[in-house]
1. Taking K and R as +1 and D and E as -1, what net charge do the other residues with C-beta under 14 Å from the C-beta of Lys285 add up to?
2. Can you run phi through the Karplus equation (6.51, -1.76, 1.60; θ = phi - 60°) for region 254-260 and list ³J(HN,Hα) in whole Hz, with x for Gly and Pro?
3. Please build a GNM for the chain, connecting alpha carbons under 10 Å apart, and tell me which residue among Lys239, Lys285, Lys374 fluctuates the most.
4. What is the extension gain from Asn160 to Asp268, computed as 0.36 nm multiplied by their sequence separation minus the C-alpha to C-alpha distance, in nm to one decimal?
5. How large is the dipole of the chain about the Cα centre if only Lys and Arg carry +1 and Asp and Glu carry -1, each at its Cβ, rounded to the nearest 20 debye?
6. If contacts are Cα pairs under 8 angstrom and at least 6 residues apart, what is the relative contact order of the chain in percent?
7. Could you tell me which chymotrypsin sites (Phe, Trp or Tyr not before Pro) in region 1-65 are loop residues by DSSP with no more than 15 other beta carbons within 10 angstrom of their beta carbon?
8. Report the full-extension gain for the segment Lys24 to Met256: residue separation times 0.36 nm, less the Cα-Cα distance, to one decimal in nm.
Amino acid sequence: MIKTRILIVGGGISGLSIAYSLVKRGVNDIVIVEKSYLGSGSTGRCASGIRASFTSREHVVLMKHSIELWKKYAEGELGKHGLYYNQGGYVWLASREETAKTMERLVKLHNSLGVPTRIIGLDELKKLVPPIETKGVVSVLFDPTAGKSSPFSTIFAFYNLLRKKGVRIYLHTSVEEILHNNKRVYGAITSKGKIRAETIVVAAGASTRKLLEPLGVRVPLKNLPRHAMLTEAYREAFKPLVIDWDTPGVPYIVQMKSGSFLIARNIDEEPELSLYSQRIDFMPKAVKPLVRFFPWLRNTRIMRYWMGYYITTPDHHPIYGPVKGYENLYIATGFSGHGYMMAPVTGEVIAEWILNGKPSIDAAERLVLERFEKGALIKELAVVG
Ligand SMILES: Cc1cc2nc3c(=O)[nH]c(=O)nc-3n(C[C@H](O)[C@H](O)[C@H](O)COP(=O)(O)OP(=O)(O)OC[C@H]3O[C@@H](n4cnc5c(N)ncnc54)[C@H](O)[C@@H]3O)c2cc1C
């Protein structure tokens, strides 16, 4: 039987980052169990965007910290293994005066928390995004600290480093049951045998709710289908991720390192819909609003299309930290479309909770599962795509 100090269920960006933050603190007796391949959940399907321009204090504070870590990681040992952070910014386009006023309020909030967003004029927008048509744009919020990075390079960097540090990673191994006894968890039954563990972290994305149900833990998560597509590759046209905030479904476009444009927009979908139920009508729905800003998109070819889940909580903030009723069970999920960018800070706060009993960032403490029981929900308006 395998024995470990810490068992992490889920080999997405959250599970890997939590393991890395533990390793940084000298703990390497860790097992990660992934039911398929690393990044096979939402991580490998994400749009790679990273930003601190949110509307809740919690998100802004946590993401400011996360971006500092993204940069530090890119410059350090993870960078040598391929992790990078391309700080090209985010551009939020408003077509309504009301949205322009909201943006002004948001800039004040961001600046008060140390995030240097600002409202920019159309001339500056044109410099940042040369091939854009600006007709009808009434205001632009620019987040210069935001950026992008490849989920695949990041996963490989974490994987290679964690393996070197002695972390055991079991792929194509599914946790079928979490073993518990009174107020403690003590291991798991997997598709390949039993694992004994002193502490368990569940970072299992779309399966988290079902995995925790037998323990009497109710996690209010919905797996909401989202679609994305990639065009053929072009030379670099612009660096920022561009968001059309005033069109329902909030379409956005970002150019990837490969040169392809990733385009996405939220279209109405039933929760839990199978990821094989592909929607061909998504393509015109996502591209048409963006053609207003980028007329040349009419002549691009779509090379790839896929679906993935936003694992969403009722208040669009993640669920972090210890699970009430258990002394040694932790959770990190429900990122509501922001789990890739949050991964570095997720790793830190969960590692601190496990090793020190509390995280060093207060904002994380408000994101525990109990907030739903208490009705202490937090509001986030800037959910994109
Ligand atoms: C189209 C799209 C665009 C997105 N764009 C962005 C973006 O620009 N920026 C951003 O920050 N976020 C984005 N997201 C969200 C982001 O992808 C997720 O929030 C993030 O990847 C969550 O990572 P995770 O590790 O928590 O979950 P996952 O990546 O889902 O990892 C969970 C892992 O657990 C494994 N697992 C599940 N059950 C078990 C079990 N029983 N035993 C063992 N393993 C198990 C799964 O196989 C999976 O690999 C996007 C998502 C989508 C779908």
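1. Summing Lys and Arg as +1 and Asp and Glu as -1 gives +1.
2. 8, 8, 7, 4, 5, x, 6
3. Top of the fluctuation ranking is Lys374.
4. 35.0 nm
5. With Lys and Arg at +1 and Asp and Glu at -1, about 680 debye.
6. 24 percent
7. Tyr37
8. Working: separation 232, 0.36 × 232 = 83.52 nm, distance 2.99 nm.
Extra length available between Lys24 and Met256 comes to 80.5 nm.
Since every read-out is calculated from the coordinates, none of them should be taken as a lab result. Keep in mind that this is a model prediction, so the values were computed, not measured. Note that each Cβ is placed from the backbone with ideal geometry, even for glycine, and that neighbours are counted across all protein chains shown.
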